[in-house]
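The values are calculated or read from the model by the stated rules, or taken from the named source; none is laboratory data. Keep in mind that this is a model prediction, so the values were computed, not measured. Virtual Cβ from ideal backbone geometry, glycine too; neighbours counted across all protein chains shown. Ligands, DNA and RNA are excluded from the accessible area calculation, which covers all protein heavy atoms including side chains. Shrake-Rupley method; radii C 1.70, N 1.55, O 1.52, S 1.80 Å.
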Amino acid sequence: MRVSGAKALVEALKDEKVEVIFGIPGGSTIPFYDALYECAEKGDLRHILARHEQCAAHMADGYARAKGIPGVCTATSGPGATNLVTGIAVAHMDSSPVVAITGQVPRSMIGKDAFQEADIVGIVTPITKYAFQITRASEIPDTVRAAFMLANTNRKGPVLVDIPKDVFYEEVDYMEAEKVRIGGYVVKSGDPHPYSIKRAVGLILESERPLIIAGGGVIASNASAELVRLAETMPAPVATTLMGKGAIPEVHPLSLGMIGMHGKGEANMAAEEADLIIAVGMRFNDRTVGRMEKFGENARIIHIDIDPAEIGKNLGVDVPIVADARKAIAAIADRLLEVGIRKKENEWSKRIAELKEKYKEFYNSEEAKGSLSPKRIMKILRACIPERSIITTGVGQNQMWAALHFQVLEPRTFITSGGLGAMGFGFPASLGVKVACPERPVFNIDGDGSFLMTEQDLATAVVERIPTVTLVMDNRVLGMVRQWQCMFCDKRYSETDLGAVPDFAKLAEAYGAEGIRVESYSELESAIRRSVSAEMPVVIDVPVSQDEKVLPMVPPGKTLREVVWFG
């Protein structure tokens with residue numbers, strides 16, 4: 001059929017089974033939005049109008065992580081496209097499959113500093129798997145198919161497609177794209193090499209104190225069941241990175257919780273004392289391992305990752321396994337069962353139990369000073385919401401309180417900005433999550449600093465009737481920066497007091513959402529239980545003392561053993 005480039009783009013997206021797009025129109029994308037008009041009438045391709053392009057990107061990211069398929073966002077040329085950059089960078093750092101579509105000035109004006117021109121391909125090349133610029137309408141079907149294939153294969157990540165305005169008007173005979181090939185790019189089977197599995201099993205059989213560290217790759221490859229099976233087969237305790245939270249149910253006896261700068265004591269000490277570390281789908285980030293050259297110095301390391309560039313990048317390993325996490329873990333567990341491993345209670349399991357008992361009292365204690373305790377807030381939230389609820393977070397103290405004290409029971413139910421640590425991520429991401437999983441309650445744990453960066457998209461939540469619930473941990477400061485100033489700058493609090501902070505309950509009401517201010521634990525519990533079934537977005541304002549800290553904490557440059565427990 002003969003169609004415009006804009007219509008060809010719509011058809012190509014429908015061929016990829018896209019159900020929703022998050023974005024904001026502009027001059028360069030008017031033809032595309034005109035083509036979307038018919039979709040709105042038919043109800044076969046939903047568009048959600050964001051109030052800021054960064055939020056559109058975070059919505060697409062949240063959608064992708066919750067559903068396990070690419071999320072799509074779009075923006076116009078120039079400032080619209082550049083406003084997507086933070087969201088694209090978040091998706092890049094956390095290996096999330098996002099396809100970003102941007103408008104561009106007409107082909108004849110590219111490179112001439114035209115109105116609202118920006119070299120978005122050049123800007124995002126370092127933070128995408130690939131960035132395309134389409135030059136003819138006939139390229140649209142194949143390019144869109146390639147973008148989705150790239151985003152969702154091997155190590156997942158964002159892809160950008162930039163389309164000049166006049167290409168949208170160009171007519172073309174539309175044909176659905178066939179299987180596309182990209183020079184130099186091979187979709188890997190993810191199968192591990194048998195020799196690597198053999199070597200890994202050999203180290204496991206020799207070890208007395210094994211530890212598994214699960215990262216975001218376990219969740220991306222849907223390997224949680226295999227992870228639990230391997231842990232139980234060995235048996236071995238499992239620590240998770242921030243991105244791996246939920247890879248194993250945190251109520252499982254072998255779960256140690258999060259490892260790293262704000263990790264749990266038992267997880268960090270297990271890493272210090274282990275003689276074997278099996279790292280799965282993680283990249284030995286500085287916030288996870290502490291002082292890099294000292295991490296695992298008493299242990300042999302098996303590193304499983306789909307991306308060969310990650311193996312040996314930050315830390316030398318004994319057995320590299322370039323493979324899909326699910327396939328590699330399953331192969332190791334199968335081989336262990338073949339050789340008949342079934343270790344009984346030993347000194348290592350006793351030591352892990354001892355570590356858990358040692359630190360239990362700290363996690364159960366409350367240090368709130370005239371306000372609500374973040375620890376207890378997280379526990380109340382967990383107790384009041386359905387098990388299959390999905391949590392998103394902002395970035396800062398709120399994020400780490402959630403990571404430490406909110407128990408996650410299944411994968412894809414804890415969604416946060418890990419690698420980039422982008423404030424403002426949590427709220428728009430929660431909207432994308434709710435659109436992806438409308439049957440599940442979605443709660444965003446936010447800080448006042450983070451929430452203020454993207455609160456304008458309450459308008460999106462209200463208009464589109466996306467009923468997420470946001471808990472604002474309201475301490476009127478940039479809490480994590482203030483904590484560092486307190487601990488490392490002799491309490492010289494420079495520019496971390498937010499000063500004029502709105503009444504968040506009234507702010508929500510101003511947008512047409514429901515706002516609740518709580519002053520006690522009973523009020524908090526009542527507000528959470530009521531909001532689970534709310535049909536409109538809810539904001540719960542929760543006061544927290546400025547002096548509350550996220551502890552324990554490993555100071556920068558220190559080993560996981562050198563932890564600060566009291567601030």
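Computed on protein heavy atoms with a 1.4 Å probe, the accessible areas place 504, 488 in the order 488, 504, largest first. In this view, the solvent-accessible surface of residue 196, computed with a 1.4 Å probe and all protein chains in place, comes to about 20 Å². Taken per residue, the accessible surface of the range 388-491 reaches 26 Å², heavy atoms only and a 1.4 Å probe. Surface composition of the range 401-509: carbon and sulfur atoms hold 51% of the protein heavy-atom accessible area at a 1.4 Å probe. Per-residue surface analysis assigns residue 38 an accessible area of about 90 Å², computed on protein heavy atoms at 1.4 Å probe radius. Computing the accessible area with a 1.4 Å probe over protein heavy atoms, can you report the carbon and sulfur percentage for the range 217-304? Answer for the range 217-304 is 48 percent, counting heavy atoms of protein chains only.
For residue 541, the accessible surface of its heavy atoms amounts to roughly 0 Å² (probe 1.4 Å, protein chains only, rounded to the nearest 10). Does the chain come out rounded, prolate or oblate, given a ≥ b ≥ c as the square roots of the eigenvalues of its C-alpha gyration tensor, rounded meaning a/c under 1.5 and, failing that, prolate meaning a/b above b/c? Oblate is the answer for the chain, as a/c is 1.5 or above yet b/c matches or exceeds a/b. Working note: Cα gyration tensor of the range 301-397, eigenvalues times five, square-rooted, sorted largest first, giving semi-axes of 36, 22, 17 Å.
Measure off, as a whole percent, the carbon and sulfur share of the 1.4 Å-probe accessible area of the range 88-199, all protein chains present. For the range 88-199, the apolar C and S fraction of the accessible surface comes to 54 percent. Projecting label points 7 angstrom from Cα along Cα→Cβ for residue 484 and residue 112 puts them 4.6 nm apart.
Probing with 1.4 Å while keeping every protein chain in the model, the per residue accessible area of the range 163-207 equals 66 Å².
From largest accessible area down, sort 536, 453, 59; use a 1.4 Å probe on the protein chains.
Values: 536 45, 453 105, 59 0 Å².
I get 453, 536, 59, largest accessible area first.
With respect to the cross-link table entries 264/379; 294/375; 156/375; 67/434; 198/245, which display a Cα-Cα separation exceeding 22 Å? From the list (264/379; 294/375; 156/375; 67/434; 198/245), the Cα-Cα distance tops 22 Å for 294/375; 156/375; 198/245. Show that you can apply the helix-only estimate: for the chain, add -39,500 (n - 2.57) for every DSSP H stretch of four or more residues, divide by all residues, and state [θ] at 222 nm to the nearest 500. Helix contribution divided over all residues of the chain: -11500 deg cm²/dmol. Kindly identify the range 194-359 as rounded, prolate or oblate by the Cα gyration tensor criterion: order the square roots of the eigenvalues as a ≥ b ≥ c, call it rounded if a/c is under 1.5, otherwise compare a/b with b/c, prolate if a/b is larger, else oblate. Because its axes are fairly even, with a/c under 1.5, the range 194-359 counts as rounded.
Taking the solvent-accessible surface of protein heavy atoms with a 1.4 Å probe, what is the per residue accessible area of the range 113-158 in Å²? List each step's numbers first, then the result.
Details: 2020 Å² over 46 residues.
Result: 44 Å² of accessible area for each residue.
Look at the Cα gyration tensor of the range 411-461: its axes a ≥ b ≥ c give a/c of at least 1.5 with a/b at or below b/c, and that counts as oblate. Sorting 348, 484 by solvent-accessible area of protein heavy atoms yields 484, 348, largest first, with a 1.4 Å probe. Measuring r between the beta carbons of residue 171 and residue 456 and using R0 = 45 Å, the FRET efficiency lands at 0.75.
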